[in-house]
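Novice: Right, I'll just put the structure down here and ask away after.
The values are calculated or read from the model by the stated rules, or taken from the named source; none is laboratory data. Because the structure is predicted, anything quoted here is derived from the model rather than measured. Because the Cβ atoms are built from the backbone with ideal geometry, glycine has one as well, and the counts that use them run over all protein chains shown.
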Amino acid sequence: MKAVLVGVGQAGGKLTTALSEFDAEMGFGAVRDALAVNSAVADLDPLPLDTVLVGQSRVNGHGVGGDNELGAEVMDEDAVEVLDALAPKVTADVEAVFVVAGLGGGTGSGGAPVLVRELAAVYDVPIYAIGVLPGRDEGAMYQVNAGRSLKTLVREADATILLDNDAWRSAGESVEGGYAAINESMARRVGLLLAAGEATQGVGESVVDTSEVINTLRAGGMAAVGYGSAPAAEEAGENVNTVISTVRSAVMTGLSLPNATEADAGLVAIAGDPERISRKGAGKARKWLQEGTGSMQVRGGDFPLDSDRLAAVVLLAGVERSRRVEEFLERARQAIRDEEETRPDPAAAFQTDELDDLM
Ligand code: GDP
């Protein structure tokens, strides 16, 4: 999928950089161009990307803190500058625009939904969001911000791919300490998904096409991406179980949103040397995924790559009924209830009714 990325806020900028670098290192060419937007100069400066500073008249380059309503306002006020900077990047061959943000902060949390709305009004291509969910120990403000941002994003974006910081923490990595490693791992998942339809070497009818990725995301709502890989034998016939177990591990331990077990649609791309890819294994793995997630449809195919390993990239779309999403939303609602209890002014309780829209 030929894509343009827009990173909003600190996490958005860093993740967009990681995605652009992964795509360039792999030589995929799926990431056509990228832009970083922030209200904090200090977070834009170190990025190797074109940048737009928003909200300068309001916060003077110092950022919005954790105030995502202010983040939404400054994006709204300066949207034209962002659209102007983006216009030359979104060329006629671009197939989608991705707005990337951490949902728990201020600029990305508030700005991303506003920017998605603006982009959807201007472009015919799908506008997707990539949202980072805060870990469960990140504090109430992050949960509330992410809950409100996610609610609005799901309404405005064609689909929202969720990357849960907890998914990486539970893999034994410290979230705070290991952002660089986490971002690389997140970038590999999303980067492979974007590149899956771009593979042109050894084109055959079983190769995954960009339109299949887009059609899978058409289920809308929230989506998750999984990844798993394993060494492979030289003959496809010997790799039936390797393909099946790689797909299973992509879903069971390698998903960007753990336990997203119910989905409306799925896609399985088996990456590797087409000579080594067991079509029988791929067929069985798709059937397993279809039954396991209750998906209406699981698409799939090869992603030809020069490698002696096999990897599985799994996209699950329409995962909002999943236990993981419910848990997160409950965390956000609880944070709002706790906030109301500690608020001295009883009238203020009426101002936040569960998860309000940001706009
Ligand atoms: P903003 O600059 O105001 O948009 O705020 P941030 O981008 O710092 O958003 C804060 C949220 O993003 C928190 O939930 C953090 O856990 C998360 N976050 C911040 N930086 C990173 C990062 O580099 N990688 C990842 N995965 N998450 C991050």
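Novice: Can we say Ser229 is assigned to a loop (DSSP other than H, G, I, E, B), within 17 Å of Val208 (Cβ to Cβ) and in contact with a helix residue (DSSP H, G or I) (Cβ under 9 Å, 6 or more places away or on another chain)?
Specialist: So Ser229 does not fit the description; no.
Novice: Identify all residues within region 151-168 that are in contact (Cβ under 8 Å) with a residue 60 or more places away in the chain and buried (at least 24 other Cβ atoms within 10 Å of the Cβ); write none if there are none.
Specialist: Hits for region 151-168 are Thr152, Ala159, Thr160, Ile161, Leu162, Leu163, Asp164, Ala167.
Novice: Looking only at residues in region 298-341 that are in a loop (DSSP other than H, G, I, E, B) and aliphatic (A, V, I, L, M), which one is surrounded by the most Cβ atoms within 10 Å (Cβ to Cβ)?
Specialist: Across region 298-341, the extreme among qualifying residues is Val319.
Novice: Scan region 125-171 for residues that are in a helix (DSSP H, G or I) and within 11 Å of the ligand (Cβ to nearest atom) and jot them down.
Specialist: Selection gives Met141, Tyr142, Gln143, Asn145, Ala146, Ser149, Asn165, Asp166, Ala167, Trp168, Arg169.
Novice: Tell me, please, whether a residue that is surrounded by 22 or more Cβ atoms within 10 Å (Cβ to Cβ), closer than 20 Å to Leu5 by Cα and of a type in the set (Ser, Thr, Tyr) can be found in region 38-48.
Specialist: yes
Novice: Every residue in region 60-72 that is buried (at least 21 other Cβ atoms within 10 Å of the Cβ) and on the phi < 0 side of the Ramachandran plot, please.
Specialist: Val64, Asn68, Gly71, Ala72
Novice: Which count do you get for residues in region 252-276 that are of a type in the set (Val, Ile, Thr) and either surrounded by fewer than 19 Cβ atoms within 10 Å (Cβ to Cβ) or modelled with pLDDT under 95 (or both)?
Specialist: Total satisfying the criteria: 2.
Novice: So which pairs qualify, if the first residue must be in region 2-20 and under 7 Å from Val100 (Cβ atoms), the second must be more than 6 Å from the ligand (Cβ to nearest atom) and assigned to a loop (DSSP other than H, G, I, E, B), the Cβ gap must be under 7 Å, and the two must be at least 6 apart or on different chains?
Specialist: Close Cβ pairs (under 7 Å, with a partner that is more than 6 Å from the ligand (Cβ to nearest atom) and assigned to a loop (DSSP other than H, G, I, E, B)) amount to Thr16/Leu49.
Novice: OK, next. Here are some conditions: (1) without any contact (Cβ under 8 Å) to a residue 60 or more places away in the chain; (2) touching a Phe, Trp or Tyr at 6+ places or on another chain (Cβ under 8 Å). Ala250 meets all but one. Which one does it not meet?
Specialist: Answer for Ala250: the failing condition is (1).
Novice: Only residues that are surrounded by fewer than 24 Cβ atoms within 10 Å (Cβ to Cβ) and over 17 Å from the mean Cα position of the chain (by Cα): list them for region 126-147, please.
Specialist: Hits for region 126-147 are Arg136, Asp137, Glu138, Gly139, Ala140, Met141.
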